[in-house]
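The next block holds one structure in the form of structure tokens; read it before the comments.
The values are calculated or read from the model by the stated rules, or taken from the named source; none is laboratory data. Please read these numbers as outputs of a predicted model, since none were measured by experiment. Cβ placement follows ideal geometry from the backbone for every residue including glycine, while neighbour counts extend to all protein chains displayed.
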Amino acid sequence: MIDTHTHLDFPEFDQDREEVIRRAFDNGIKAIVNIGVDLERSRKSIELAEKHERIFAAVGFHPDFFSKGDLGNQGDWKDWVEKLKKLAKCKKVVAIGETGLDYFHITHSMEHGTKDLKKIKENQRRGFLAQIEIAKELGLPVIVHCRNAWDDLYEIISKVRLFPSDKQVVGIPQSRTLFVLHCYSGEKKDTEKFLKLPNVYFSFSGNITYPKPADRAEKLAEAVRMIPLDKMMLDSDAPFLAPQEFRGKRNEPMYVKFIAEKIARVKEISVEEVERVTDGNAMKFFWDKKLGRT
């Protein structure tokens, strides 16, 4: 199995990181994509990937980064874009992310008034679009984080067309930048919309194994039923969202097998089929960088 989203560089793994990695590969994990959330963590992600043959890196800015401060200074903006682009050119980098939109934390904070919320949302959208442009330029896919922002996310992704530019290249089929909606939790209406976009994949995390609250569990199961297996990937999001068997404890990449088992039960297929197809999806998404891909 391939874990397409983990944060092994986080402090939660400082005491036993190598042991966690060994356990993952000893228990059937074929490859790991370690995810950046800012410049420092993106650098750490690359360092980890360069140390381990079967670990790869994604580099990017989490939307929460754009909720802090003004970030309106053009010089500062250009600086982080250039630094991220430089990191993204490293050999072990296979994606931009995680990036996206997160309105959940800002709308639930007492610190922000209506005017501030509007400004923060615009910063997030601007940061997301800047990272999409880097992905388009370098021919990399994009790992997307989204909470309480599905309509705005769809509006942005549905308008992203070609990479590395929006111009037709003679002799090369038109292609789209690929996106994966990490730890997917959209409503039925959101799923229906995103399924119409041929360049969108969905990854599921340990929260699909949680039986309570029942309405949320059913909503996630409905998404699993709706989304074709050839559009799915597995995503531990470690150290967060440990599966039900380990809920409340630190998550690890080796636990993605419980996500695969849940998908298999919901879809009434074998775990082996889930592993085979989701691994193939991950290979296509992260490692097929041909300009002609669709």
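Every residue, every condition in (1) touching a strand residue (DSSP E or B) at 6+ places or on another chain (Cβ under 6 Å); (2) charged (D, E, K, R); (3) in contact (Cβ under 8 Å) with a residue 12 or more places away in the chain, yes or no:
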{"site": "184", "(1), (2), (3)": "yes, no, yes"}
{"site": "206", "(1), (2), (3)": "no, no, yes"}
{"site": "219", "(1), (2), (3)": "no, yes, yes"}
{"site": "237", "(1), (2), (3)": "yes, yes, yes"}
{"site": "250", "(1), (2), (3)": "no, yes, yes"}
{"site": "259", "(1), (2), (3)": "yes, no, yes"}
{"site": "273", "(1), (2), (3)": "no, yes, yes"}
{"site": "284", "(1), (2), (3)": "no, yes, no"}
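Going residue by residue through the range 26-34, is there one that turns out to be out of contact with any strand residue (DSSP E or B) (no Cβ under 6 Å at 6 or more places or on another chain), of a type in the set (Asp, Glu) and modelled with pLDDT of 95 or more? Within the range 26-34, one or more residues are out of contact with any strand residue (DSSP E or B) (no Cβ under 6 Å at 6 or more places or on another chain), of a type in the set (Asp, Glu) and modelled with pLDDT of 95 or more.
The rows are residues; the columns are (1) modelled with pLDDT of 95 or more; (2) assigned to a loop (DSSP other than H, G, I, E, B); (3) of a type outside the set (Asp, Glu).
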| position | (1), (2), (3) |
| --- | --- |
| 69 | no, yes, yes |
| 86 | yes, no, yes |
| 106 | no, no, yes |
| 128 | yes, no, yes |
| 132 | yes, no, yes |
| 163 | no, yes, yes |
| 169 | no, yes, yes |
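Where helices (runs of 4 or more DSSP H) fall wholly inside the range 184-294, the ranges with 1 or more residues that are touching a Phe, Trp or Tyr at 6+ places or on another chain (Cβ under 7 Å) and charged (D, E, K, R) are 188-195. Pairs linking a residue in the range 12-39 that is under 29 Å from residue 131 (Cα atoms) and touching a residue at least 24 places away in the same chain (Cβ under 8 Å) to a residue that is among the polar types (S, T, N, Q) and surrounded by 13 or more Cβ atoms within 10 Å (Cβ to Cβ), with Cβ atoms under 6 Å and 6 or more positions apart or on different chains, are 32/6; 33/4; 34/6; 34/45; 36/42; 36/45.
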